[in-house]
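For reference, the structure discussed in these notes is given below.
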Amino acid sequence: MKLLDQRKVSFVVFFLLLGISGSAYAERKPVKILDLSSSGRTIMITAGSRDGLKMKEAILIRRKNKKLAAARVIRLFAEKAAIYVVARYSREQPAKTKGNHTFNILYGIPMAGVPKLPPGIASRVGGRAGGGGFADEIEDDLGLNPQDENYITDKGREYEPEIDDEDYTPEVTVRPEFPPTNYRREHNISVGLGLFRNANLSAALNEESPDSSSTTTYAGIFARYTYNFHTFYWLIKKRRALISIEASMGVYNFPFTDFTRVVNAQKAQIEVIPLGVYVHYNFELSPLFTAYPYLGYQYNIVSATNNFPNEHLDDLRGGGMAFGIGSSLVISRTINVRLDAGNDGTFVGTVVKF
């Protein structure tokens, strides 16, 4: 009887140990994530049939004590398996990490509430449970897979070197490329200040040594309208060029005393209105800066007060060729500033584009 009691105790201990070993599958198992599908729903992990995984079995994915998602096995190998996420419990999703040891799985026990696999995700074509015999294949049909997900396959997967691999190329942050901003507008109106160059009336009317070729500058204001249009560079290849046609009007006045008559010096207020037409050939050195030569014709309308002799104004009035260089700097989508300098004077102004 004593021997029989010992056998009974041995059988009880044996079945207890068997039960404990059978429940060991419910313990946590650290896994690596080998790959993910484009949607993150299909994941390849480093646990397979040797670890006790079974086809369509429910698996709980955790990071430390945080429950992330529930999945079911859709393809099984000896040391790895493809699982399909059927429920998510956290904003954090399983992903490949540098250490790749931060996740663990819980399996081998009934899990109430874990959804079944969607129809057509995994279909068995033969073989035994646990991955033996024939392979379990994954259907990837657009009708059953509206997200057009790329499922993992053991063969044909692109080679992805590890970070410490000599073939690894570090990722480079790529900034999104936006369409270039159009800072040019067809219509421009410019207003500003200028030093208009014209004949030096004092030198021209000097009785002792008149010099009609002497010039000086007079401060005034100007307003210009510019029309821009694109064309192509000539005699080179077809690259876009910007040409401007400009109409200009200015005004300046200055006091003048005629000392040709020493006895009765005559004082007058001289007013000049320069009218001009110019052509600019613009070189866009950058999206924000443009330089240009200009060529045009300027005509001066002159008047004077106090019955100033009309013939003494001949050197101021009349027209001639105007040429020089200029530049334009973009301030905003609608505002530029410009600077022009040539034989007609020096000008700085603000450009309103529309």
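The values are calculated or read from the model by the stated rules, or taken from the named source; none is laboratory data. Because the structure is a prediction, the values reported are computed rather than measured. Virtual Cβ from ideal backbone geometry, glycine too; neighbours counted across all protein chains shown. Please note that ligands, DNA and RNA were not included when accessible areas were found on the heavy atoms of the full protein model with its side chains. Shrake-Rupley method; radii C 1.70, N 1.55, O 1.52, S 1.80 Å.
Residues of segment 46-66 with an amide N closer than 17 Å to a point placed 7 Å from the Cα of residue 96 along the Cα-to-Cβ direction: 46-47. Per-residue extension of 0.36 nm, minus the Cα-Cα distance of residue 286 and residue 111, leaves a gain of 56.5 nm for this segment. The calculated pair-distance distribution of segment 251-333 uses every alpha carbon pair, bins of 5 angstrom beginning at 0, and gives 3, 12, 16, 15, 11, 11, 10, 8, 6, 5, 2, 1, 0 percent.
Residues 312, 280, ordered by accessible area of protein heavy atoms at a 1.4 angstrom probe radius and largest first, appear as 312, 280. One chain, two ends: residue 202 and residue 187. Fully extended at 0.36 nm per residue, the span grows by 1.4 nm beyond their Cα-Cα distance.
A 1.4 Å probe run over segment 250-354, with the rest of the protein chains in place, finds 53 Å² accessible per residue.
Provide the packing ranking of 194-204, 301-311, 109-119, i.e. peptides ordered by the mean count of other C-beta atoms within 10 Å per residue, highest first. Display every interim value, and only then the final one.
Working: 194-204: 19.1, 301-311: 13.6, 109-119: 10.8.
Descending mean neighbour count gives 194-204, 301-311, 109-119.
Note on residue 354 and residue 314: the model spin-label points, each 7 Å out from Cα along the C-beta direction, lie 4.5 nm apart.
Paramagnetic label reach from residue 231 (point 7 Å along Cα→Cβ; backbone nitrogen cut-off under 19 Å): within segment 288-313, residues 291-297. Loop-located trypsin sites (Lys or Arg not before Pro) across segment 38-92 with a Cβ neighbour count of 12 or fewer within 10 Å are 64, 91, with loop assigned by DSSP.
Between residue 103 and 31, the built amide H atoms are under 5 Å apart, and every one of these is 5 or more places off in sequence or on another chain. Residue farthest toward the positive end of the dipole of segment 253-354, with Cβ of Lys/Arg at +1 and Asp/Glu at -1: which of 339, 316, 276? Going by the charge dipole, the pick is 339.
Please get the size of the charge dipole for segment 292-354, origin at its Cα centre, with Cβ charges of +1 on Lys and Arg and -1 on Asp and Glu, quoted in debye to the nearest 20.
Working: 4 positive and 5 negative charges, 104 e Å.
In total the dipole reaches around 500 debye.
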